[in-house]
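Asks: I am attaching a structure below and will ask some questions about it afterwards.
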Amino acid sequence: NKIKKERNDKKAFAEALILAQEEERKRIARDLHDGVGQSLLLIKKQLQKETEVTAENQQMISDTLEEVRSISRDLHPFQLYQCGLTATIEDTISKIEQSTDLFISKEIEDVNGALNGKAGIHLFRTIQEALSNIVKHAEATAAKITVTKGNNEVFVGIQDNGKGFDVALAGATSRSLGIRTMHERVSVMGGQLNIQ
(Lines give C-alpha, C1' and ligand atoms only; values in the text may rest on other atoms or scores of the structure.)
Protein backbone atom coordinates (compact mmCIF):
# COMPACT_ATOMS: atom_id res chain seq x y z
CA ASN A 1 0.00 0.00 0.00
CA LYS A 2 2.85 2.36 0.81
CA ILE A 3 4.48 1.75 -2.60
CA LYS A 4 1.12 2.18 -4.33
CA LYS A 5 0.52 5.46 -2.47
CA GLU A 6 4.01 6.74 -3.39
CA ARG A 7 3.40 5.82 -7.04
CA ASN A 8 0.04 7.65 -7.02
CA ASP A 9 1.62 10.65 -5.29
CA LYS A 10 4.34 10.79 -7.97
CA LYS A 11 1.76 10.54 -10.74
CA ALA A 12 -0.37 13.29 -9.15
CA PHE A 13 2.72 15.48 -8.73
CA ALA A 14 3.76 14.94 -12.37
CA GLU A 15 0.24 15.78 -13.54
CA ALA A 16 0.14 18.93 -11.39
CA LEU A 17 3.58 19.95 -12.64
CA ILE A 18 2.59 19.51 -16.30
CA LEU A 19 -0.66 21.40 -15.73
CA ALA A 20 1.24 24.24 -14.04
CA GLN A 21 3.65 24.32 -16.99
CA GLU A 22 0.75 24.59 -19.46
CA GLU A 23 -0.84 27.39 -17.43
CA GLU A 24 2.48 29.25 -17.35
CA ARG A 25 2.88 28.78 -21.12
CA LYS A 26 -0.63 30.17 -21.59
CA ARG A 27 0.19 33.19 -19.42
CA ILE A 28 3.48 33.91 -21.21
CA ALA A 29 1.80 33.49 -24.62
CA ARG A 30 -0.93 35.94 -23.59
CA ASP A 31 1.64 38.41 -22.23
CA LEU A 32 3.68 38.19 -25.42
CA HIS A 33 0.64 38.70 -27.60
CA ASP A 34 -1.03 41.40 -25.52
CA GLY A 35 2.08 43.18 -24.28
CA VAL A 36 5.10 42.96 -26.57
CA GLY A 37 3.03 42.21 -29.67
CA GLN A 38 0.75 45.21 -29.18
CA SER A 39 3.73 47.50 -28.48
CA LEU A 40 5.45 46.38 -31.67
CA LEU A 41 2.25 46.90 -33.63
CA LEU A 42 1.93 50.46 -32.31
CA ILE A 43 5.57 51.19 -33.16
CA LYS A 44 5.01 49.83 -36.66
CA LYS A 45 1.93 52.04 -37.14
CA GLN A 46 3.78 55.12 -35.87
CA LEU A 47 6.75 54.45 -38.12
CA GLN A 48 4.51 54.07 -41.16
CA LYS A 49 3.42 57.68 -40.61
CA GLU A 50 7.02 58.90 -40.63
CA THR A 51 8.34 59.73 -44.09
CA GLU A 52 11.99 59.09 -43.24
CA VAL A 53 11.52 55.51 -42.10
CA THR A 54 13.31 53.03 -44.31
CA ALA A 55 11.68 49.97 -45.79
CA GLU A 56 14.38 47.98 -43.98
CA ASN A 57 13.20 49.29 -40.56
CA GLN A 58 9.59 48.51 -41.37
CA GLN A 59 10.54 44.99 -42.48
CA MET A 60 12.57 44.46 -39.30
CA ILE A 61 9.58 45.43 -37.15
CA SER A 62 7.24 43.22 -39.21
CA ASP A 63 9.64 40.29 -38.83
CA THR A 64 9.93 40.87 -35.07
CA LEU A 65 6.15 41.10 -34.73
CA GLU A 66 5.72 37.83 -36.63
CA GLU A 67 8.38 36.18 -34.46
CA VAL A 68 6.54 37.25 -31.28
CA ARG A 69 3.29 35.86 -32.72
CA SER A 70 5.04 32.62 -33.63
CA ILE A 71 6.54 32.23 -30.13
CA SER A 72 3.14 32.96 -28.63
CA ARG A 73 1.47 30.31 -30.83
CA ASP A 74 4.15 27.74 -29.94
CA LEU A 75 3.88 28.42 -26.22
CA HIS A 76 0.13 27.96 -26.18
CA PRO A 77 -1.48 26.48 -29.28
CA PHE A 78 -4.68 28.56 -29.51
CA GLN A 79 -5.26 26.74 -32.79
CA LEU A 80 -5.95 23.60 -30.73
CA TYR A 81 -9.11 25.22 -29.39
CA GLN A 82 -10.08 27.02 -32.59
CA CYS A 83 -9.42 24.33 -35.22
CA GLY A 84 -9.07 21.09 -33.26
CA LEU A 85 -6.30 18.58 -32.63
CA THR A 86 -6.18 17.15 -36.16
CA ALA A 87 -5.66 20.52 -37.89
CA THR A 88 -3.11 21.59 -35.25
CA ILE A 89 -1.03 18.45 -35.82
CA GLU A 90 -1.19 18.94 -39.61
CA ASP A 91 -0.24 22.62 -39.28
CA THR A 92 2.76 21.73 -37.09
CA ILE A 93 3.94 19.22 -39.69
CA SER A 94 3.55 21.80 -42.48
CA LYS A 95 5.58 24.37 -40.53
CA ILE A 96 8.39 21.85 -39.95
CA GLU A 97 8.46 20.92 -43.64
CA GLN A 98 8.55 24.59 -44.67
CA SER A 99 11.37 25.50 -42.31
CA THR A 100 13.57 22.38 -42.64
CA ASP A 101 14.71 19.89 -45.28
CA LEU A 102 12.79 17.09 -43.56
CA PHE A 103 10.19 15.32 -45.70
CA ILE A 104 7.27 14.08 -43.60
CA SER A 105 4.69 11.64 -44.92
CA LYS A 106 1.51 11.52 -42.91
CA GLU A 107 -1.60 9.44 -42.42
CA ILE A 108 -3.76 11.38 -40.00
CA GLU A 109 -7.32 10.41 -39.17
CA ASP A 110 -9.71 12.97 -37.73
CA VAL A 111 -9.20 12.63 -33.97
CA ASN A 112 -11.12 15.76 -32.98
CA GLY A 113 -13.30 14.95 -30.01
CA ALA A 114 -11.50 11.66 -29.30
CA LEU A 115 -9.75 13.17 -26.27
CA ASN A 116 -10.77 15.73 -23.67
CA GLY A 117 -9.06 19.15 -23.60
CA LYS A 118 -6.18 18.29 -21.26
CA ALA A 119 -5.47 14.97 -22.98
CA GLY A 120 -5.51 16.73 -26.36
CA ILE A 121 -2.87 19.19 -25.14
CA HIS A 122 -0.76 16.34 -23.73
CA LEU A 123 -0.96 14.39 -26.99
CA PHE A 124 -0.15 17.46 -29.08
CA ARG A 125 2.83 18.39 -26.88
CA THR A 126 4.14 14.81 -27.06
CA ILE A 127 3.92 14.81 -30.87
CA GLN A 128 5.50 18.28 -30.97
CA GLU A 129 8.41 17.12 -28.78
CA ALA A 130 8.97 13.97 -30.85
CA LEU A 131 9.06 15.95 -34.10
CA SER A 132 11.30 18.57 -32.51
CA ASN A 133 13.72 15.83 -31.41
CA ILE A 134 13.84 14.49 -34.97
CA VAL A 135 14.68 17.95 -36.31
CA LYS A 136 17.27 18.70 -33.61
CA HIS A 137 19.01 15.38 -33.11
CA ALA A 138 18.19 12.66 -35.64
CA GLU A 139 19.92 14.04 -38.75
CA ALA A 140 16.97 12.52 -40.61
CA THR A 141 15.88 13.35 -44.15
CA ALA A 142 12.44 11.74 -43.88
CA ALA A 143 9.88 10.97 -41.23
CA LYS A 144 6.43 9.45 -41.05
CA ILE A 145 3.60 10.19 -38.65
CA THR A 146 0.47 8.07 -38.32
CA VAL A 147 -2.49 9.09 -36.17
CA THR A 148 -5.42 6.69 -35.94
CA LYS A 149 -8.47 6.42 -33.75
CA GLY A 150 -9.73 3.17 -32.20
CA ASN A 151 -12.25 2.34 -29.51
CA ASN A 152 -11.64 4.97 -26.84
CA GLU A 153 -7.99 5.32 -27.83
CA VAL A 154 -5.74 7.23 -30.16
CA PHE A 155 -2.62 5.64 -31.63
CA VAL A 156 0.29 7.79 -32.78
CA GLY A 157 3.29 6.35 -34.60
CA ILE A 158 6.29 8.52 -35.44
CA GLN A 159 9.27 7.16 -37.37
CA ASP A 160 12.34 8.68 -38.97
CA ASN A 161 15.35 7.53 -40.98
CA GLY A 162 17.81 9.28 -38.67
CA LYS A 163 20.83 7.98 -36.81
CA GLY A 164 18.87 6.71 -33.79
CA PHE A 165 20.02 6.68 -30.17
CA ASP A 166 20.35 4.39 -27.17
CA VAL A 167 17.00 4.81 -25.41
CA ALA A 168 18.14 3.46 -22.03
CA LEU A 169 21.30 5.57 -22.03
CA ALA A 170 19.40 8.71 -23.06
CA GLY A 171 16.87 8.17 -20.27
CA ALA A 172 19.60 7.67 -17.68
CA THR A 173 22.10 10.36 -18.68
CA SER A 174 20.19 13.04 -20.55
CA ARG A 175 19.82 16.38 -18.82
CA SER A 176 16.99 17.18 -21.20
CA LEU A 177 13.50 16.81 -19.84
CA GLY A 178 12.06 16.04 -23.29
CA ILE A 179 11.77 12.25 -23.18
CA ARG A 180 10.89 12.24 -19.48
CA THR A 181 8.14 14.81 -20.01
CA MET A 182 6.81 12.82 -22.98
CA HIS A 183 6.54 9.75 -20.74
CA GLU A 184 4.82 11.76 -18.00
CA ARG A 185 2.32 13.35 -20.40
CA VAL A 186 1.38 9.99 -21.91
CA SER A 187 1.18 8.38 -18.45
CA VAL A 188 -1.15 11.14 -17.22
CA MET A 189 -3.48 10.29 -20.13
CA GLY A 190 -3.39 6.62 -19.13
CA GLY A 191 -1.43 5.72 -22.24
CA GLN A 192 1.85 4.06 -23.11
CA LEU A 193 4.91 5.52 -24.81
CA ASN A 194 7.27 3.12 -26.55
CA ILE A 195 10.53 4.34 -28.04
CA GLN A 196 12.61 2.01 -30.21
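The values are calculated or read from the model by the stated rules, or taken from the named source; none is laboratory data. Bear in mind the structure is a predicted one, so any value in this text is a computation, not a measurement. Using ideal geometry, Cβ is built from the backbone for each residue, glycine included, and neighbour counts are taken over all protein chains shown. To get the accessible areas, we keep the full protein, side chains included, count just its heavy atoms, and leave off ligands, DNA and RNA. Shrake-Rupley method; radii C 1.70, N 1.55, O 1.52, S 1.80 Å.
Asks: In the structure displayed, which of 118/149; 95/144; 11/118; 10/136; 26/106 lie more than 20 Å apart, Cα to Cα?
Replies: 10/136; 26/106
Asks: Related question: May I ask you to evaluate 6.51 cos²θ - 1.76 cosθ + 1.60, the Karplus curve with θ = phi - 60°, for each residue of segment 138-151 and list the ³J(HN,Hα) values in order in whole Hz, giving x for glycine and proline?
Replies: After applying 6.51 cos²θ - 1.76 cosθ + 1.60, I find 7, 6, 8, 10, 9, 9, 9, 10, 10, 10, 10, 10, x, 6 Hz.
Asks: Using only the heavy atoms of the protein chains and a 1.4 Å probe, how would 60, 189 rank by accessible area, largest first?
Replies: My answer, sorted largest first, is 60, 189.
Asks: Using a/c under 1.5 as the rounded threshold, could you call segment 67-194 rounded, prolate or oblate? The axes a ≥ b ≥ c are square roots of the C-alpha gyration tensor eigenvalues, and prolate needs a/b larger than b/c, oblate otherwise.
Replies: Rounded, since a/c falls under 1.5.
Asks: Say each of residue 152 and residue 108 gets a label point 7 Å from the Cα, pointing the same way as Cα to Cβ; how far apart are those two points in nm?
Replies: Result: 2.7 nm between the two label points.
Asks: Moving on. Using modelled amide H (1.01 Å from N, peptide plane; none on Pro or chain starts), what sits under 5 Å from the amide H of residue 142, excluding residues fewer than 5 places away?
Replies: Those qualifying (amide H under 5 Å, at least 5 residues apart or on another chain) are 103, 161.
Asks: Apply 1/(1 + (r/R0)^6) to the Cβ-Cβ distance of residue 99 and residue 21, taking R0 = 22 Å, and write down the FRET efficiency to the nearest 0.05.
Replies: After rounding to 0.05, the efficiency reads 0.35.
Asks: Here is a further query. How large is the accessible surface of residue 86 in square angstrom, using a 1.4 angstrom probe and rounding to the nearest 10?
Replies: 10 Å²
Asks: Which peptide among 14-26, 110-122 comes first, and what is the full order, when sorted by highest mean count of other Cβ atoms within 10 Å?
Replies: Highest-to-lowest ranking by the protection proxy: 110-122, 14-26.
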